[in-house]
Every structure is written in C-alpha cells, then in structure tokens.
Amino acid sequence: MNIEFQLRANLKCSGSLRGTVSPSEITEFVRACNAGLLKRGAPPGCGAKVVWWQVAGSEGEEIWLEIVSDRFVRAHDALFRLKKEFGKFLGRRRVGVRSVEIEEYEIAVEWDEAGEREAGEGEAEAGLRLRLKKLPFVKEIKQEAVAGEKRQLRLSLAVDEAGLEQRIPDRLLKLLEEKKEAASWKGKSEHWELLFESEKKQFYFEKDPTEEMARRGWIKHAAGRGQWIFGPQATRIFRALERVLLTEVCKPLGYEEMIFPKFVPWEVWKRSGHAKGIYPEAYYVCTPKTRDPEFWEEVADYYKVTGEVPREKIMQKIECVGGLCYAQCPPFWVFLQGKTLADECLPIKVFDRSGTSHRYESGGLHGIERLDEFHRVELVWLGTKEQVQEHAKELQERYRRVFSEVLDLEWREAWVTPWFLAQEGRAGLAASKEVGTADYEAVLPYSGKWLEFQNVSVNGDKYPKGFSVKLQSGAELWSGCSGVGLERWAAVLLAQKGLEKEKWSARFRAAAGLGGEGEREGELPEVFKFL
Ligand code: ATP
Ligand code: ZN
Ligand code: MG
C-alpha cells in the first residue's frame, strides 16, 4: 500500500527565537535533520523531510513547519524526532519547546478496489465508499482518481499531539486495511465443510414445535422481544436435556461446575475481542449516573403524571457500562487474569449454566430457535495446545454418541468460520485446521432447513493472550469452548420426534423422569388450568 503523509505543525517555544537563533542556523539544522535524523531506519531515498518552515508568532516564539513522508518514517514519528532534536538545539540557548499544535495532517493512501470490482458491479464499490463516509479522528475523506485506473483516498485528520502519541494515525491505517479485507469477503459465504453426517432417522412430526407447544400452553411469549416463559412441561424437557449433557458428557469427561457472571463490563469485551464488533447484537447495560433520589425525581414525577416512562430523560441520566452475557466464557477469564497456572492442574475443564444469554437478533427471531434471551450451557477447557486439541476430539466423540444414541437425532457436523472471527467481523478468513469451530446442525422436518444447535471451538491462545494467563512450563496456553443451546436442542428434538413422549428415546425419557429403561411411567407436569 503506497502512502503519503503531509503534516503541518506549530512548535511553540518558551521564548522568542528571533535574535536567539539566526535563520541560517535553523536552515542548517533542518538540512542536517533531513539528511540524517528523518531518514533513519528507512531504505535509501526514503523517509521524511521538512519541506518548509518559518519562524512565526507575535514574539517569534513559534516555528511552523511542514513535513512530508512515506510509510518508512511516518510524518508524526518524524515530528516527534524533530521536536526532541529541536529541544536539544534550543536548549543550548535557554529556550525550550513547550508544546506542539497540529495544524493539518493529511494522509493519502493508494486505494485499489480491485478486489471489489472483481466481486462484480459498481454497487459493491459504492458500498465500500459508503462505509468510508465516516472515520474516527478524520475531518474529511476524499476519494480521487490518480494516474490511470488507480484511485487514492485522502484523509484529513483531526488529531492533537496526544492523539499522535496514542498512534491514532497508525491505528487508522490498520483499520483501513481491515475494512478493505472485510469488503473483499463481502458476499463470499462463510467457510462450511462437512465433517460427519449421521444416518437417516425416523421423524414423527411435521409441524413447528414452537407453535404446537404454545397451542398446548407449554410455553408463552413473554413481554420482551424474543423472550419466552417456559411452563412446567417445557422446563422439564430442558432440564432433561441438561441432565443428558451432564451425565453423558460433563461428568465422564471430568468437568466441574462454576458460576460465570452475566453482566459483562467493557473491560472484558476489550480483552476477549468482542469490543471489535459486538455492537449491533449487544444488549446494553446502563447504571444511574448517581443514586441521589433528587436527581431522579423528575423522571418519577413525569411517570406519575403521564403514565409514560420518559425514556429520553432517562437516557441522559445513565451511563452504559457494558452488556448482558453474549457468549458465556469471556467473563470467566477474569478468574485467571494475570495468573500463572501450575502445569499439574491441566487440562482444566469447567462449565457454566448459571444464567441467560442475550443477543439482539433483530428481524431474525423465530420461535424458540432464534431468541433474544436464551439458555445455554457452556463448557470451557484449557491446557497445552496438544491437550486442548485432544480434548476437543474426546468431546466431539461424546457429542456424537449423545445425538445418535441418546437423542436419536438426524444431524451433521461441519467445520466453519471460527465464531470469534465471525464476531469480530472477519468471517471468511480461511479456517485453519488447528484453531476453529465445529458446528452441529440438525434438520427441521417442518421447514426442511438445518439449524445449528451447538458448537465446539478450539480458540488457540486467543483468551490466554487477551487475559494475560501463563503456564508454569512457559509453553503456550490454549483453550476451547462449547456452547450448548438448550432451546436449540429442544427445538431440534421436538421438531424431529414431536411432543408425544412415547416417540422419544427410552434414555431421554428416563432423564426426564417419564419412564424410560426400567422406570415407572411418568407424565409431564400439568399445573395450570384456565377458565
Ligand atoms: P447462528 O448462526 O444461528 O446465529 P451463532 O453462530 O451466532 O448461531 P454461536 O455464537 O456459535 O451461535 O453461539 C453458540 C450457541 O449458542 C449456538 O450453537 C446456539 O446453540 C446458541 N445460540 C446462539 N444464538 C442464539 C439465539 N439467538 N437463540 C437461541 N440460541 C442461540
Ligand atoms: Zn466461549
Ligand atoms: Mg448468531
């Protein structure tokens, strides 16, 4: 990527330069910097250059200058080098550099949209341009044609010295690279590769189980969007599924239960990577700016007088501190944050089933299959790379047995884009065989569609790195996780087998206390009767 930087800055000094240094001394200073300091580290003929300067200010206490550069010594790095050197140069004369003001900073980037054009029509190109309407710390974005087919992107930055110290320009360039990459994946489908397919199974139902359960009064839509109240019958089914998971998978594989937090502060999502892209799907959590009742009195009064909750007023009195649980494992990692694990405790296997998960699914909501509030058990394991990969295999083996033998499902397993790349907006990145996600899908007879009902992911060193967790031996610490959606398990089972318990497998009936192998016949609980 060809890049040009053009920076105009104002170095404010503690005293007048007039009479202190002669113009020819400054000329010589600048010449020397251009020849040495501003080229340091760059290939021959490359680097930065001061192309113009002038002593200014009412007292002559400022020096204005313009630096142009290539990507080898970026103009802001050149400016910092220059500021330091100029400080030394003036120091001998008892004058110092007080501060730096950035008057103008333009970055021109070669913007070859070839990838986009390949993808087809000018529409894609327009889409890319559209998305570049706004960038942080950028006042203006211009896209212009340069020689021939080439186009360039000209960014006019709004940054101060602190912003340059934070490396905002470098991060912006990285962001552009990522956006370009993302645009080239747009329209390409996510990776999907069949790993395993079960035999065909007998189906006993052809309706949508959500509708049938609602009709029978087993479940009812709750007041919130994508939220259901599960009656005693449905709850019995969920708990039975959970019991199957615990007795067939967690227990034999040596898992211990933990309770993970369900409110997730920004700090956690920054470390887990979710802060890069969770925004359109997050359920946001806010706290009052103060719990002083006087501060809130007008809100309560408004409600008492109108019967309406004044949401706009509330928005001004609260602060967004994070979100509700989206994926279960990120807040768990705080337990290990900054620690070194003893080799002898590996591999570690824990699971959480302590609360709900929340995602804003927008128009995608459907029955109990796609909800805004759902129930999931998440298994997390950690160890050396070999241990983590080995355990993922054991886990996959157990799951296969559960789906084929215990639940008697028709299902398949596929290697897909790892969830963390998808969630970070990097879906489409070629999935490696070492790190990645296996999705479990089952066919829903009523629609003929396949539904993902759980996954197994090997996350590599992503979480240990993000939360600074180390291993005694110094070897790389890896981890994996598996999210088991209870509503999805239920949706799949009921869609294939129906709501009559006689059609469920004996082992599942036993788990539900409904008379399985050698058990007394039981019934699903009937609690409510309506008039
Ligand atoms: P989908 O592609 O269906 O949106 P996902 O890839 O977003 O799923 P993951 O992030 O892999 O799902 O979440 C792990 C598991 O959590 C899923 O396999 C599923 O069991 C459950 N899950 C995720 N989103 C929902 C939802 N909206 N409603 C119910 N269960 C869900
Ligand atoms: Zn996880
Ligand atoms: Mg999803």
Can Glu197 be described as under 30 Å from Thr417 (Cβ atoms) and away from ligand 1 (no atom under 16 Å from the Cβ)? yes
Flagged in region 1-27 as open to solvent by 30 Å² or more (accessible area, probe 1.4 Å), in contact with a helix residue (DSSP H, G or I) (Cβ under 8 Å, 6 or more places away or on another chain) and of a type in the set (Val, Ile, Thr), in numbering order, are Thr20
Of the residues in region 223-253, those that are of a type in the set (A, V, I, L, M, F, W, C) and touching a residue at least 40 places away in the same chain (Cβ under 8 Å) come to Trp228, Ala234, Ile237, Phe238, Ala240, Leu241, Val244, Leu245, Val249, Cys250, Leu253
Those residues of region 259-279 which are open to solvent by less than 70 Å² (accessible area, probe 1.4 Å) and aliphatic (A, V, I, L, M) amount to Val264, Val268, Ala275, Ile278
Restricting region 462-492 to residues that are touching a residue at least 60 places away in the same chain (Cβ under 8 Å) and among the charged types (D, E, K, R), the one most open to solvent (accessible area, probe 1.4 Å) turns out to be Lys470
*asked:* For the structure I just gave you, tell me whether Leu128 is part of a helix (DSSP H, G or I) and at pLDDT below 95.
replied: yes
Going through region 434-485 in order, the residues found to be among the charged types (D, E, K, R) and under 21 Å from the mean Cα position of the chain (by Cα) are Glu434, Asp439, Glu452, Asp461, Lys462, Lys465
Lys142: surrounded by 14 or more Cβ atoms within 10 Å (Cβ to Cβ) and over 30 Å from Phe238 (Cβ atoms), yes or no?
no
Counting only strands (runs of 3 or more DSSP E) wholly inside region 133-234, the ones holding at least 1 residues that are in contact with a helix residue (DSSP H, G or I) (Cβ under 7 Å, 6 or more places away or on another chain), farther than 30 Å from Lys449 by Cβ and of a type outside the set (A, V, I, L, M, F, W, C) are 138-145
Determine whether region 349-360 contains at least one residue that is assigned by TED's automatic domain parsing to the domain that holds Ile219, in contact with a strand residue (DSSP E or B) (Cβ under 7 Å, 6 or more places away or on another chain) and more than 16 Å from ligand 2 (Cβ to nearest atom). no
Lys465 passes all but one of the listed conditions (1) out of contact with any helix residue (DSSP H, G or I) (no Cβ under 8 Å at 6 or more places or on another chain); (2) not hydrophobic (A, V, I, L, M, F, W, C); (3) not assigned by TED's automatic domain parsing to the domain that holds Leu395; the exception is number (3)
Log entry, pairs with first residue in region 360-378 being of a type in the set (Val, Ile, Thr), second being open to solvent by 50 Å² or more (accessible area, probe 1.4 Å) and within 16 Å of ligand 2 (Cβ to nearest atom), beta carbons closer than 6 Å, six or more apart or on different chains, reads Val377/Arg353
- Message: Quick check on region 240-251. Is at least one of its residues crowded, with 18+ Cβ neighbours inside 10 Å, within 16 Å of ligand 2 (Cβ to nearest atom) and small (Gly, Ala, Ser)?
- Response: no
For Leu531, the lone unmet condition from (1) surrounded by fewer than 18 Cβ atoms within 10 Å (Cβ to Cβ); (2) within 22 Å of Leu194 (Cα to Cα) is (2)
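Listed here are the residues, each with its yes/no results for (1) within 16 Å of ligand 2 (Cβ to nearest atom); (2) of a type in the set (Val, Ile, Thr); (3) in contact with a strand residue (DSSP E or B) (Cβ under 8 Å, 6 or more places away or on another chain).
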position	(1), (2), (3)
Ala234	no, no, yes
Pro261	yes, no, no
Trp266	no, no, yes
Trp269	yes, no, yes
Ala275	yes, no, no
Ile278	yes, yes, yes
Thr287	no, yes, yes
Checked region 28-54 for anything touching a strand residue (DSSP E or B) at 6+ places or on another chain (Cβ under 7 Å) and either of a type in the set (D, E, K, R) or surrounded by fewer than 17 Cβ atoms within 10 Å (Cβ to Cβ) (or both); matches are Lys49, Val51, Trp52, Gln54
With the first residue restricted to region 280-293 and required to be closer than 30 Å to Phe374 by Cβ and open to solvent by 70 Å² or more (accessible area, probe 1.4 Å), and the second required to be within 16 Å of ligand 2 (Cβ to nearest atom) and at pLDDT 95 or above, Cβ contacts under 9 Å at 6 or more apart or on different chains are Tyr284/Gly323; Tyr284/Leu324
Among the residues of region 250-268, is there at least one that is over 32 Å from the mean Cα position of the chain (by Cα), closer than 25 Å to Arg376 by Cα and in the same structural domain as Asp352 (by TED's automatic domain parsing)?
yes
Sole miss for Arg171 among (1) touching a residue at least 24 places away in the same chain (Cβ under 8 Å); (2) open to solvent by 80 Å² or more (accessible area, probe 1.4 Å) is condition (1)
| Does region 516-531 contain any residue that is outside the structural domain of Asp208 (by TED's automatic domain parsing), under 26 Å from Lys200 (Cα atoms), of a type in the set (Gly, Ala, Ser) and modelled with pLDDT under 95? | yes
Note on region 493-520: residues open to solvent by 10 Å² or more (accessible area, probe 1.4 Å) and of a type in the set (S, T, N, Q) are Ser505
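The values are calculated or read from the model by the stated rules, or taken from the named source; none is laboratory data. These figures come from a predicted structure and were not determined experimentally. No Cβ is skipped: glycine too gets one built from the backbone with ideal geometry, and neighbour counts run over all protein chains shown. Note: areas computed on protein heavy atoms with side chains; ligands, DNA, RNA excluded. Shrake-Rupley method; radii C 1.70, N 1.55, O 1.52, S 1.80 Å.
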